[in-house]
Structure formats: C-alpha cells, structure tokens
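First comes the structure, then the notes that go with it.
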C-alpha cells in the first residue's frame, strides 16, 4: 500500500511526491529537507513579523495606556521637586552623579581562575569594566523650579494629546521622551510599573497607534467631509506591517515577562512549599490589611489551617502555572481566552491584594495586544452609540465587528 | 468610498506643510539656536533650548510626512531617504549648539542621529534587505531583554557568565538608554518583607520627632506611597562582611556599651551574623542622599531659630506577621515586627558624622566610627506583651559626645 506523503512535503517539497517516503529518499533529499526547514522558518518569521495588522487594537491600547501614563505623571505633580528638583530631590545631584559616573559595572574574567592556588594568590573572578550608566534626562541639567514646572506641564500636555490621539506620531515620541526622563532622573523611586510603562510606550511609539480611535482620524474624517460632502465615509484604518510589528513586540515581551517571573520563582523555597503568597497577602505595606473584611478573612483562614494551606498553596500553584503556562498557551487560538482570562484574574488579584493597581493595569494593556481588532471595534461602536457626539474621536470609525466575529484567532 | 487623496487637499497651507519646507524650518531653528549661542550662551539658554526643541519636533514631523509618502519606487525611496538623512542634520546641529554640560542630552542627540541615518538606510533598501535588517534589529532588541533577565545573580551562585559578558560588552548602553533593563524577577526567589526608613530628628531646643517612610497617611496620592516604598528598597543592598571584621565590630560595640553604660543587647531571635548588615557602596550613597534631603526639608521646627541639630537614620524591615500571630489576635503593627538597622547620624547639612575611617587607596576600614553603626537595634516584646524599645532609647542617647 502506498503511503500518503507527509503534508509538509505536499506543500513545500513537491519533488518528493512521485516517489514518496516508501520509495526511499530521492537523491539530495537531505539537503531539500534542510531547505524546507529553512524555508518554513523564513515563512514563519515573515508571517509573524511582517504581515499586516489592523491598528485598531493599538488605538485601544493607546487610550488605556495614555490615561495611565497621564495619571502616573500627574501624580508627580504632588511633590514634583522631591522627584526631579535638583538638590531638593530625594536623589540629589551628588547621588545622581554617583549613579551616572561612579556606579561600578562588574564583568567576570575571561579565563577560569585556577583552584590550585592559595587565596592570597587567587585571581580575581571579576573586575570593574567601567563605571557609570547610560542614563539621560533633561532633569539632570535643570535646577530652576520655573523651568522644571514648565517642562512638567509640557510633558503633561504631550501625554494628553497622545492619549487623545492628536498628532500621534510626534506626541508619542514626546510622551516616550517624558516617561523616560522622569524614570532616569528618579531612578530609585521606581517599581515594576515603570518598567511596564516604558515598554508599552516604546512599542506604541513605533506603531501607527494614532490611525484608529484618535483625534487624528477624526480630523481626517472631517477633512474628507469638507472636501467630498456629508456622504463621505472614512475607510477602515489601513492594516500595516508596523501595526503588526508593534503588536508582536508587545505580545512577545509580555510572554518574556511572564516566563522570567515564573522561572525565577522556581528558585524560591516558599514557592515550593506553597506559602510564598502569605508574604504578599499579609504584607502590611502592600496588602489592604487595614480593611476590616480583608483582615477578618485572613484571621479566619489562619484559624483553620486546612483552609489556609489550601488558599496559599492553591494561589501559589495558580500563579506558577499561569506565569509558566500563559507564554505558551496564549499563542493557540483555541486556548487564548484561557490565557487572557487567567492573566486578567492574576492582575486583578495583584491590584486588589497587593495595591499594585497601575502595574496591573499596564500589564493588562499588554494583554490587550492579544485582542482582535473586531472586538475593539465592537466595543467602540457600543461606546459611540451610548455617548453620541460626546466622544468625537469615535466618529468616522469603521464598521463595528459583529458578535460572531469576536473570536480570538488571528 | 476611498480615502481622499492627499493631492486633492492641498491648499496653500498644506503645501507649506510638506516635508521639505518643514525640514528647512527645522534646520533654520537649529541654526538660529547655534547663532544665539555665539552671541551670548548664558542669557539665551532658555530661548536656545526652545528653538532646539522646536527644530527637533519639526524635523520629526517632516520625517513622518516623508515616510507617509513612501512607495517602493526607487526614485521615491531616494527622495524620502535623503529627506530623513537631511533631518539627521537637525540633531547634529542641536548637538553642536547645546551647552557642553548637557552631556545626557548630547547622548540622546547622538542616538537620534543614529536612528535617522539607520532609518534613511532602511527606506533606501529594497523590501527584502529592509526586512533582513529589521530582523537583525528584532534579534538584537529581544537579545538585550533576555540578557537583562539572565544576568541577575541567582541565590548562592554567580550570574550566567555569557549573560554577564553580553550585558557589559554589548547591551548595557542599549538597554539602559531605553530603560528596558528590568529582569522581571517579581517576588522571587521569595517575596520578602518591605523596607522602611525611619528618621529621628533632634532640634536645638531639645525636642525630637520621628519621620517614617513610606507613610500612607501623609502620601498625597497612592502613587507617592508606592514610590516611597520603592525608594527605601535602595537602602537594602548589603555587602558581604568577613568573619574577622564582624568580630572586630562586635568587640567595638561591646566596649562602647560598657564605656557609655548604654546597654543595647543583641536581638534574641535573629542570628548573630544577620544582626550586622553593612550596606554596599550604592546603598551608602543612597542613604546619604536621603539624609541630605531630610535635612534640607526639615531645617527647623516651629521657628527658624530652632534649627535641626542632627538626625539618625534607621533602615527598618517590617517583618511579615506569622499566621500564628494573626490567629491569636496580634496586629502586624506591633513593634516587635520591626527590625531596625542603624544607618548613622547626620548633621544639619545631612553630612554623616562618626563614620568609619577608611584608607582612601585600599578602601579598608582603619578605625571604626559609631559603635552601633549598621547594627540591628532590637525592639523586644515579652510573653505579656511588654515592649522594650531599644530603638527609641538609642535614638535619644547622646553617647557620641563622650567619644
């Protein structure tokens, strides 16, 4: 009986068809298989990075991330000088100079140090390669409170325009510039949220995130109506390679974050014995232990060891499974909802029980990169129908997706 | 209906907003800033800064417009590529026109020149070559992110050698410039207790007060509280201390306690070698900076004459309450949960007093300073919940005057 050729051969190596595997490999098959592998990889790479995608999802992420960025930077207004105000800041100029110029960068030596010498003769295992860091910020150079406040207001204006999607290509760069300026200046006052914020704005800056759900688009629609008459209908945002590129960067970086967070936890003894999350739930500086019902719940759990162990071990396993599983599961269209729902649950928990609300919301912005544009369009249509003319940038948006289109396959 | 072609909407203003005129205006603004620097560098600094910023924004928008008109036609690619290349002259002009002290701004401008030239090359290349180059860039970028993830030192072992070499020799400028250097090791290997900073301030009239960070009640917005919480973590990096040095410091402390009749015993429930935590150089610099900030922000109390005399700083670990304590009705705010490591005494200018004397060349300690420096000052609670707060006692003690 003749064996069916492998599907891969049918698609990519038609030469193998006449003989098929039963007839033995044709001459040079090895090299053709090699070529096939390379071709497969090349096509996969091309399809992954250089196909076109609808920028509507990016428009949605821009609005969400823009609001968060604006909130984070508005909060700098309370005690602005203590963050970026020269010698009035927590990190004064002397400390900044240390970080920028003196902080040692250690590198391990190129050879294996000999183990057969006394400790006095022992080669050093590392040496200081250089000192300082590649940080930059206009706040390193401005001391005058007037100019600091002026620059702060300027950044806030740029961030507002970016959120609204006005002159987005320029305001996205200014927003990124602003975000990094504060971060590099107040480098010891940062936490995970700032890293997520930088990633999101970096990839949005590279993308056409102003091509959808933006004032830029509304202006385009209004201009079209002016020239072509009231019957003018703006075509859907044009799918582009750059939109796909930014979405892929967000998706991939999200997976790297989860994988790094999950694998590094495997080094921890408390994650292995299932008690790690007690250190989060009962951490007075983060958790809402001042809230009666929350504290009472903890007391109840602590008085019932079985329940306590189940809750702690269960949440630790959930966290580990999610952080280690989502980077793989989320690429499968069938399982994507599972990954997204798990991530939403995890970050809701982090926001509620550990007080890291903005961090969680930035992570959810990254999760949104996995949402299909049809779902966002459907949401935009619903909002537009509800708000009428209140949100002008929703006018002139393309046809909304239908309910049946809300599948997470791309 | 198709989008309205760009050419169909070109009134006079639109034609002036085309890339070339905007690019010329950007170059003009940069040139003007350069001329003003030649006239008077000091008084024209704000105007020059605004002109340079305007020039960069205009150059950026010209590039955006140019790229939007890009097609795969060679003539078009040549034109767009040259527009981007010429746009790189704007950051170059800004680089030359900016004050020399603005070194970090010059770093950004060099990066902008590089990005513009790379962009010009990308546009000029045919599609396949462009994709190849972008693919290399993707590999480089995510390689940097992986290097940041892998170059963190795991517990009880050195970091990955390859990641360390890549970090130092290849990626450090890139990932630090973009601030994509987070290792994402959140709450690992294990979630630990938060760190706080307690400052005990003493004024000329003898009054004292405690200032503690982070403080939820005194934070104007939740984000401020989170930032203060993050800030205190920077004081938490501890250097490895040889046994000999530990024993010498222990003897120095015991001698001083006898001499000054200041009996502060070791903590009964913490291992002896964990009761002395000398910060590394980075944390010492950070603590000193926070001390200077506190001294500047609290120069006097009630009246300008009542000046700050000194402040003492403590790095405090707020231990996580155990399930047993929660079940038996204890509060996480009970004082026994705080482990306070003394970080030193600072004067009204925020300068450290009674520090160790260090030999400048070898960085070896030749004379110990404050006998309690970097030691855990205990707060004890007995079975009947009576608290003995040695931190309070230590903060008020004037033992240094007798040295």
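Looking only at residues in the stretch B:79-106 that are out of contact with any helix residue (DSSP H, G or I) (no Cβ under 7 Å at 6 or more places or on another chain) and assigned to a helix (DSSP H, G or I), which one is farthest from residue A:173 (Cα to Cα)?
B:79
Among the candidates B:278, B:357, which residue alone is within 22 Å of residue B:239 (Cα to Cα) and under 22 Å from the mean Cα position of the chain (by Cα)? Before you say what the answer is, go through the steps one by one.
On the way: B:357 fails: under 22 Å from the mean Cα position of the chain (by Cα).
After ruling out the rest, the residue left standing is B:278.
Pull out all pairs, ordered by first then second residue, where Cβ-Cβ is under 6 Å, the residues are six or more apart or on different chains, the first lies in the stretch B:157-182 and is at the interface with another protein chain (Cβ under 7 Å from one of its Cβ atoms), and the second is assigned to a loop (DSSP other than H, G, I, E, B).
From residues that are at the interface with another protein chain (Cβ under 7 Å from one of its Cβ atoms), the pairs are B:164/B:151; B:173/A:134; B:176/A:133; B:176/A:134; B:177/A:134.
Kindly list the number of the only condition in (1) in contact with a helix residue (DSSP H, G or I) (Cβ under 7 Å, 6 or more places away or on another chain); (2) closer than 29 Å to residue A:66 by Cα; (3) in a loop (DSSP other than H, G, I, E, B) that fails for residue A:235.
So residue A:235 meets the others, but not (1).
Suppose the filter is outside any helix (DSSP H, G or I), at the interface with another protein chain (Cβ under 7 Å from one of its Cβ atoms) and buried (at least 19 other Cβ atoms within 10 Å of the Cβ); does residue A:133 pass it? Walk me through it before giving the result.
On the way: outside any helix (DSSP H, G or I): yes; at the interface with another protein chain (Cβ under 7 Å from one of its Cβ atoms): yes; buried (at least 19 other Cβ atoms within 10 Å of the Cβ): yes.
Taking the combined requirement at face value, the residue satisfies it.
Give the number of residues within the stretch A:280-299 that are more than 7 Å from chain B (Cβ to nearest Cβ) and assigned to a helix (DSSP H, G or I).
Residues that pass the stated criteria total 7.
Which numbered condition in (1) in contact (Cβ under 8 Å) with a residue 24 or more places away in the chain; (2) more than 9 Å from every other protein chain (Cβ to nearest Cβ); (3) more than 20 Å from residue A:267 (Cα to Cα) is the only one that residue B:122 fails?
Condition (1) is where residue B:122 drops out.
Which condition does residue B:74 not pass, out of (1) out of contact with any helix residue (DSSP H, G or I) (no Cβ under 7 Å at 6 or more places or on another chain); (2) without any contact (Cβ under 8 Å) to a residue 12 or more places away in the chain; (3) under 23 Å from residue A:158 (Cα atoms), if it passes all the others?
Answer for residue B:74: the failing condition is (3).
Does residue A:230 satisfy the condition of being on the phi < 0 side of the Ramachandran plot and in contact with a strand residue (DSSP E or B) (Cβ under 7 Å, 6 or more places away or on another chain)? Write out each step before concluding.
Values: on the phi < 0 side of the Ramachandran plot: yes; in contact with a strand residue (DSSP E or B) (Cβ under 7 Å, 6 or more places away or on another chain): no.
In short, no.
The rows are residues; the columns are (1) modelled with pLDDT under 95; (2) not in a strand (DSSP E or B).
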residue	(1), (2)
A:57	yes, yes
A:61	no, yes
A:66	no, yes
A:70	no, yes
A:77	no, yes
A:101	yes, yes
A:107	yes, no
A:110	yes, yes
A:114	yes, yes
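Within the stretch A:152-161, can one find any residue that is over 31 Å from the mean Cα position of the chain (by Cα) and touching a residue at least 12 places away in the same chain (Cβ under 8 Å)?
Looking through the stretch A:152-161, none of the residues is over 31 Å from the mean Cα position of the chain (by Cα) and touching a residue at least 12 places away in the same chain (Cβ under 8 Å).
Report yes if some residue within the stretch B:107-117 is more than 14 Å from chain A (Cβ to nearest Cβ), assigned to a helix (DSSP H, G or I) and buried (at least 17 other Cβ atoms within 10 Å of the Cβ); otherwise report no.
Step one: filter the stretch B:107-117 for residues more than 14 Å from chain A (Cβ to nearest Cβ), giving B:113, B:117.
Of the ones still in play, those that are also assigned to a helix (DSSP H, G or I) are B:113, B:117.
Filter once more, so that each one left must be buried (at least 17 other Cβ atoms within 10 Å of the Cβ): B:113.
The answer is yes; a qualifying residue exists.
Output the residue which, of all residues in the stretch B:67-78 that are assigned to a helix (DSSP H, G or I) and away from every other protein chain (no Cβ under 14 Å), is farthest from residue B:42 (Cα to Cα). Walk me through it before giving the result.
Going residue by residue through the stretch B:67-78, those that are assigned to a helix (DSSP H, G or I) are B:67-68, B:74-78.
Among the residues that remain, those that are also away from every other protein chain (no Cβ under 14 Å) are: B:74-78.
Details: B:74: 47, B:75: 45, B:76: 43, B:77: 42, B:78: 41 Å.
This residue is B:74.
Report the residue count in the stretch B:147-156 for those that are assigned to a helix (DSSP H, G or I) and within 7 Å of another protein chain (Cβ to nearest Cβ).
1
Residue B:366 fails exactly one of the following numbered conditions: (1) in contact (Cβ under 8 Å) with a residue 60 or more places away in the chain; (2) more than 26 Å from residue A:297 (Cβ to Cβ). What is the number of that condition?
Result: residue B:366 fails condition (1) only.
Please go through the stretch A:163-185 and give me each residue that is within 22 Å of residue B:148 (Cβ to Cβ) and modelled with pLDDT under 95, ordered by number.
Just the residues of the stretch A:163-185 that are within 22 Å of residue B:148 (Cβ to Cβ), to begin with: A:176-177, A:179-185.
Those that are within 22 Å of residue B:148 (Cβ to Cβ) and modelled with pLDDT under 95: none in the stretch A:163-185.
Go through the residues of the stretch A:165-173 one by one and say whether even a single one is at positive phi and either under 21 Å from the mean Cα position of the chain (by Cα) or within 8 Å of another protein chain (Cβ to nearest Cβ) (or both). Walk me through it before giving the result.
At the first step, the residues of the stretch A:165-173 found to be at positive phi are A:165, A:167.
Still in the running and either under 21 Å from the mean Cα position of the chain (by Cα) or within 8 Å of another protein chain (Cβ to nearest Cβ) (or both): A:165, A:167.
Yes - at least one qualifying residue is present in the stretch A:165-173.
Within the bounds of the stretch A:238-251, is there any residue that is without any contact (Cβ under 8 Å) to a residue 12 or more places away in the chain and part of a loop (DSSP other than H, G, I, E, B)? Walk me through it before giving the result.
Within the stretch A:238-251, the subset without any contact (Cβ under 8 Å) to a residue 12 or more places away in the chain is none.
No, the stretch A:238-251 has no match at all.
How many of the residues making up the stretch B:306-324 are surrounded by fewer than 22 Cβ atoms within 10 Å (Cβ to Cβ) and either in a strand (DSSP E or B) or facing chain A (nearest Cβ under 8 Å) (or both)? Steps first, answer last, please.
So in the stretch B:306-324, the residues surrounded by fewer than 22 Cβ atoms within 10 Å (Cβ to Cβ) come out as B:306-307, B:309-310, B:317-319, B:322-324.
If we keep only those that are either in a strand (DSSP E or B) or facing chain A (nearest Cβ under 8 Å) (or both) as well, we get B:306-307, B:309-310, B:317-318, B:323-324.
Residues in the stretch B:306-324 being surrounded by fewer than 22 Cβ atoms within 10 Å (Cβ to Cβ) and either in a strand (DSSP E or B) or facing chain A (nearest Cβ under 8 Å) (or both): 8 in total.
Scan the stretch A:79-99 residue by residue and report those that are over 30 Å from the mean Cα position of the chain (by Cα) and not in a helix (DSSP H, G or I).
Start the filter on the stretch A:79-99 by keeping residues that are over 30 Å from the mean Cα position of the chain (by Cα), which leaves A:86-88, A:92-95, A:97-98.
If the condition is that a residue be over 30 Å from the mean Cα position of the chain (by Cα) and not in a helix (DSSP H, G or I), then A:92 is the only one that fits.
Please pick out the residue among B:242, B:220, B:214 that is surrounded by fewer than 13 Cβ atoms within 10 Å (Cβ to Cβ) and either within 26 Å of residue A:70 (Cβ to Cβ) or touching a helix residue (DSSP H, G or I) at 6+ places or on another chain (Cβ under 7 Å) (or both). Outline the logic, then answer.
Working: B:242 fails: either within 26 Å of residue A:70 (Cβ to Cβ) or touching a helix residue (DSSP H, G or I) at 6+ places or on another chain (Cβ under 7 Å) (or both); B:214 fails: surrounded by fewer than 13 Cβ atoms within 10 Å (Cβ to Cβ).
Going through B:242, B:220, B:214 in turn, the sole match is B:220.
Let's see how each residue does on (1) more than 30 Å from residue A:74 (Cβ to Cβ); (2) within 13 Å of chain B (Cβ to nearest Cβ); (3) surrounded by fewer than 18 Cβ atoms within 10 Å (Cβ to Cβ):
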| residue | (1), (2), (3) |
| --- | --- |
| A:278 | yes, yes, no |
| A:301 | yes, yes, no |
| A:306 | yes, yes, yes |
| A:323 | yes, yes, no |
| A:338 | yes, no, yes |
| A:351 | no, yes, yes |
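Just one of the numbered conditions (1) part of a helix (DSSP H, G or I); (2) out of contact with any helix residue (DSSP H, G or I) (no Cβ under 7 Å at 6 or more places or on another chain); (3) modelled with pLDDT under 90; (4) more than 29 Å from residue A:241 (Cβ to Cβ) is not true of residue B:42; which one?
(1)
If I ask for residues that are farther than 17 Å from residue B:212 by Cβ and either within 14 Å of another protein chain (Cβ to nearest Cβ) or in contact with a strand residue (DSSP E or B) (Cβ under 7 Å, 6 or more places away or on another chain) (or both), which ones from the stretch B:287-305 would you list? It would help to see each step written out before you state the result.
To start, the set of residues in the stretch B:287-305 that are farther than 17 Å from residue B:212 by Cβ comprises B:288-289, B:292, B:296, B:299-300, B:302-305.
Of everything in the stretch B:287-305, those that are farther than 17 Å from residue B:212 by Cβ and either within 14 Å of another protein chain (Cβ to nearest Cβ) or in contact with a strand residue (DSSP E or B) (Cβ under 7 Å, 6 or more places away or on another chain) (or both) turn out to be B:288, B:289, B:292, B:296, B:299, B:300.
Scan the stretch A:244-266 for residues that are over 15 Å from the mean Cα position of the chain (by Cα), more than 8 Å from chain B (Cβ to nearest Cβ) and surrounded by 19 or more Cβ atoms within 10 Å (Cβ to Cβ) and jot them down.
A:262
Does residue A:187 meet the test of being over 20 Å from residue B:177 (Cβ atoms) and at the interface with another protein chain (Cβ under 10 Å from one of its Cβ atoms)?
Working: over 20 Å from residue B:177 (Cβ atoms): no; at the interface with another protein chain (Cβ under 10 Å from one of its Cβ atoms): yes.
No.
The values are calculated or read from the model by the stated rules, or taken from the named source; none is laboratory data. Here the structure is a predicted model, which means the values were calculated and not measured. No Cβ is skipped: glycine too gets one built from the backbone with ideal geometry, and neighbour counts run over all protein chains shown.
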